[in-house]
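No lab work stands behind these numbers, since they all come straight from the coordinates. Quick caveat: nothing in here was measured; it's all calculated off a predicted structure. For neighbour counting, all protein chains shown are included, and Cβ atoms are generated from backbone atoms with ideal geometry for every residue, glycine included.
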Amino acid sequence: MGPRSVLASALLVMLGFSWPGSAEAVPRFSVTAGSPCTTCHVNPTGAGLRNAIGFESMDDVGFVGYPGTPHNALFDDLLSLGADVRIQAVRLGAPVSSTDGDDVLVPDYVVLPMQIQPYVGLNPVDGLWVYGSYTMGPETIERGEVCDPVYPGQSCFDAAVQYQPGAAWPTLRAGMIQPSVGVRRDDHTIYIRGDAADRRAPVIPPNYADWGGELSYQPVSWFRSELGGVATANLEDAIDNGIREAALWPVAANARVMFLPQLVFGGPDEDPGDEFGDDEFGDDFGDDFAAEPVEPTVINTWIGASAFVSGDFLRVDGFAAVGLHGGLEVHGEVSWTRLDRGYSMLNGLFGASWAVLEPLAVAARVERAHTDLGDGSTATAVQVVAGLEVFPVPFVEIRPEYRLVQTDAYLFGQPTVQLHLFY
C-alpha cells in the first residue's frame, strides 16, 4: 500500500463512517409489509416521528421482550415524542507504515455519535399534525452550538404542518421539509445521493430540508404521487462546493410517482378442485374433512420515478423493489444528476435482505457512483456492504457490517458496528 493509498484509506474511514443523518424509514420494512412509509411515520415520505402503528409494530420486535414499554403517544394521542440515536464503532484515523516498512499500522477502534435527533408532534384533531425534529451536531454537545450542521446544505431542524381531511383525500404539508426525491434510506453512507468526486459533500445531504410545501395523494393502494416545491437556499449551499456549481431558480420543483401493485397467489379462495368433493358414493363428509387453510403467497412491489429541478440543476431517480411477506426483498435505484458546465453524476445501487427471524435480517448491497466533472476528467467509486440487522430487544438495533470500497486511487475494507436506539 503506497502513501497515496494510505492517505485515501484514512480519508475514507474518517469521512465515510462519520455521516450523521435524519432517521428514516428502513425500506425493507415497507416493501415486505406492502405498505408505504406513511403507514408507520407521520411524515408521508418516511423519516422522523413514528405514529401509533409505527411504534406498536416495533414494540415486540426483539429476541428478548420487556413488558410495559411507555407508548410514544401521550394525553389521549395529543402529543407524540420520539428520538433516534446512532453510534458507530470504527477505526478512525490514518493507517501508517511501520518503521521497517513491512507492515501497515491501523488505528484502534473508536466510538463516535452519528446521530442524536429528538422528535415531537401534536395531533390536535384527526388529520392534522404539527411536528418537527432537531439534529444535534458535534459542537452542540461539546460547545453548546444550537445549529451545527455537518454538511453544506444540511438543516439543523425540520418542521411542518400537515393536514389530510380524510382517508381518500390528498395530504398537504408545508414548512421546513425534505421534498420527495427517490427513496429515503436510513444509511447515509449510501452513494445514491452523493458525488464520487467529493463524497464528503453529497448533493442531497443527510437531513436536507428547505422551506416549501408538498401535496401527496394515494387514491388507491397501488398508486401514490407527490408534487411540490421548496426554496433553494440549502440546496444551493449543498451544490456549490468549489468543485461543482449550478445556477438555481429561487424555487425548486419536485414530483414523484410510485406504483405499488400487490400480487397474491393461492390462499383460502383457491379452488381445491375435485380433491375435497363428494366420494364415489355421493357422500359429503362435511367440514370435518375440509382442507387445512392455505396461506397465500404475497409479493409486494414498488416501481417509481422522481424528478427534482431548479435552473441548471436536474436530478432524476428511478427505483424498484420486490418483497415477500416472509421477509425476503430485493431493491435497486439509479439516479442521474446534471449541474452546470457539463458536470453530471450517474449513481446506482442494488441490494437485498432476508429476515431470517423477525428480529434478525441479513443484508447486502453493491453500489457504484460515477461523476463526469465536465473538463474531461471523471471519478468513480464502488462500494460493497454486507452485514446483519439485529434487534436484541425492542427499539434497539445493532448492525455489524463489512464495507469494501474501491476508488480510482485505492481499495480498502474494514468491519464496523452501528448501534441504533430509537423510540
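When the trypsin sites (Lys or Arg not before Pro) in the range 294-358 are filtered for DSSP coil states and for at most 15 other beta-carbon atoms within 10 Å of their beta-carbon, the remaining sites are Arg341. Once the cut-off is 11 Å, how many percent of the Cα-Cα pairs in the range 207-246 end up in the long-distance tail? So the pairs more than 11 Å apart make up 70 percent of the total in the range 207-246.
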